[in-house]
Structures are given as structure tokens and as C-alpha cells.
Amino acid sequence: MGARYDAAIIGTGPAGLSAAVTLKIRNKSFILFGSSSLSEKVEKAHEINNYLGLPAVTGAELAKRFDEHLKQMQIEINEDRITGVYAMGDYYSLQSKSNQSYEADTVILATGVNFGKPYEGEEKFLGRGVSYCATCDAPLYKNKKVAIIGFSPKEEAEAEFMFEVAAEVYYIPAYKEQVSLNDKIKVVNDTPRRRVRHNKYPRDYGHERRRGNGHAGRLSAKGKCMQLYRTIFIGQYL
């Protein structure tokens, strides 16, 4: 166990890295826990249009900029996995997988959202037609057909937002509460199971990928298939 830090940051996504940069500028002592490969979700993003100063940047390019920024500011990442955080009165004790113990006055949790067990094909197509945030990625789906899976009534706002951008919106509620949406948004009261390939491209989506226009596909729900052009999966449990 070493000296006590002003702050411990858990997570190396955009939020965790921003916190580290701010603490560095303010001459605070801190330790940053997470993967040195940073955020997989960021790296897989096809195109990001709402990051100020970096229009139409790819996720891989943005992740590279993040890494360069950390190196320039001499911010190191500790890849020891934190397994527990305990309040010890005026400080926190962090226990790691390697049985190390760390102390910090403040703990910043920037681990992102756990979406649970993924649908078949969800991870494979993340950043290539599958997203988790309509307000973030809506420009990618302009004039496209979109399916949104909502795990709570809060996601209805995401569907309404997407309706302003997309050509057609399907909404699949994964909850029991009554759905209240624009009549033009098609509500599908069924359970999504998987995303399967379009018959036209039985082996690959290479034709669409070269054009950079997304991937044709279908979303299966208890044996029913809906023709889709793009699919958004939304699973926010907060």
C-alpha cells in the first residue's frame, strides 16, 4: 500500500480520461484504473459527429487522440482490476484482483453501463449498425430504417428523437408499462432474439460496407422478421 491519493478513477472511457486530465491540470494526486486499450465502444464507432472540434472523426481516430493526450500529459493507466471499494470514514479503500490495496479521498466511477447479456450479433455489429445512444448517433441513421429496443419508458424519448431524423422507426419495448409514442412510430410488442443477415448478402455485408452506408439486415422477434437498414439497440438501466 502506497500513499493515499486525492482521487482514484475507475474506467478509461471518455469520462474517466476527462477526469484524469482535469485532476492533472489541477495538480491533484490520482490513480487511473482501466484498460490501456481505452474504450472498446469508442474505438468501434463508425463515425462521430458531435465531438466538438473533431467533425466526422472515426472511433479509432478519437481513441488514438485520447492515447496521445494521455502520453503528452504523462498520465499512466494502472490495469490492476478493482474488485471492491470500501468506505473507511474519511477515505476509501480499493481492493484489486491482484490483492493490492489502494487508498483515495475520492473515488470516481466511470465504468459505463453494463447492458447485460448481448443479443446474438450485437457485439459483432457494434459500430456497424448497432449503437446504444440515439441522441449520440442519430446523424448516422438519417433517412434510414431504425429499430430501437427500450428497456424502460425513458427510452421512448430516444425513439421520439430518432423519429425526427430517421425515415422509419420501430420501437420494441422490453418492459410491461404502457407505451406512449408518436402514432407514426411503429410499436412492436414482441421479444427481440437476434439480428440475421439479409438474403441478398448471405455471407457478408461487404457490398454495403464499401459504400459506407451501413448494413442491410433483419431483426428477428419470435420468428417474425422486419426488414431493416440500420438497427439501434438501446439498453440503459440507469
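The values are calculated or read from the model by the stated rules, or taken from the named source; none is laboratory data. As the structure is a computational prediction, the values presented were derived from the model and not from experiment. Methodologically, a virtual Cβ is constructed for each residue, glycine included, from the backbone with ideal geometry; neighbour enumeration extends over all protein chains shown.
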Could you tell me which of the residues Tyr141, Tyr91, Tyr119 is assigned by TED's automatic domain parsing to the domain that holds Asp190, among the aromatic types (Phe, Trp, Tyr) and on the phi < 0 side of the Ramachandran plot? Tyr141
Would you call Ala60 of a type outside the set (Lys, Arg), in contact with a strand residue (DSSP E or B) (Cβ under 9 Å, 6 or more places away or on another chain) and assigned to a helix (DSSP H, G or I)? no
Qualifying residues in segment 94-137 (those that are polar (S, T, N, Q) and outside any strand (DSSP E or B)) - the one modelled with the lowest pLDDT: Asn114
Right, Ala15: in contact (Cβ under 8 Å) with a residue 40 or more places away in the chain and within 30 Å of Gly127 (Cα to Cα) or not? yes
If you take the residues in segment 138-162 that are among the aliphatic types (A, V, I, L, M) and either touching a Leu at 6+ places or on another chain (Cβ under 8 Å) or part of a helix (DSSP H, G or I) (or both), which one is surrounded by the fewest Cβ atoms within 10 Å (Cβ to Cβ)? Ala157
So Leu23 ticks every box in (1) without any contact (Cβ under 8 Å) to a residue 24 or more places away in the chain; (2) buried (at least 17 other Cβ atoms within 10 Å of the Cβ); (3) under 29 Å from Tyr141 (Cβ atoms) but one. Which box is left unticked? (3)
Among Glu47, Glu79, which is without any contact (Cβ under 8 Å) to a residue 60 or more places away in the chain, of a type in the set (D, E, K, R) and within 30 Å of Ser131 (Cα to Cα)? Glu79
Subset of segment 19-42 (residues that are among the hydroxyl-bearing types (Ser, Thr, Tyr) and either over 20 Å from Gly112 (Cα atoms) or at pLDDT 95 or above (or both)): Thr22, Ser29
For the subset of segment 43-56 comprising residues that are crowded, with 17+ Cβ neighbours inside 10 Å and outside any helix (DSSP H, G or I), which member is modelled with the lowest pLDDT? Lys44
Considering only segment 163-194, state which residues are closer than 27 Å to Thr58 by Cβ, out of contact with any Phe, Trp or Tyr (no Cβ under 7 Å at 6 or more places or on another chain) and not in a loop (DSSP other than H, G, I, E, B). Phe163, Glu168
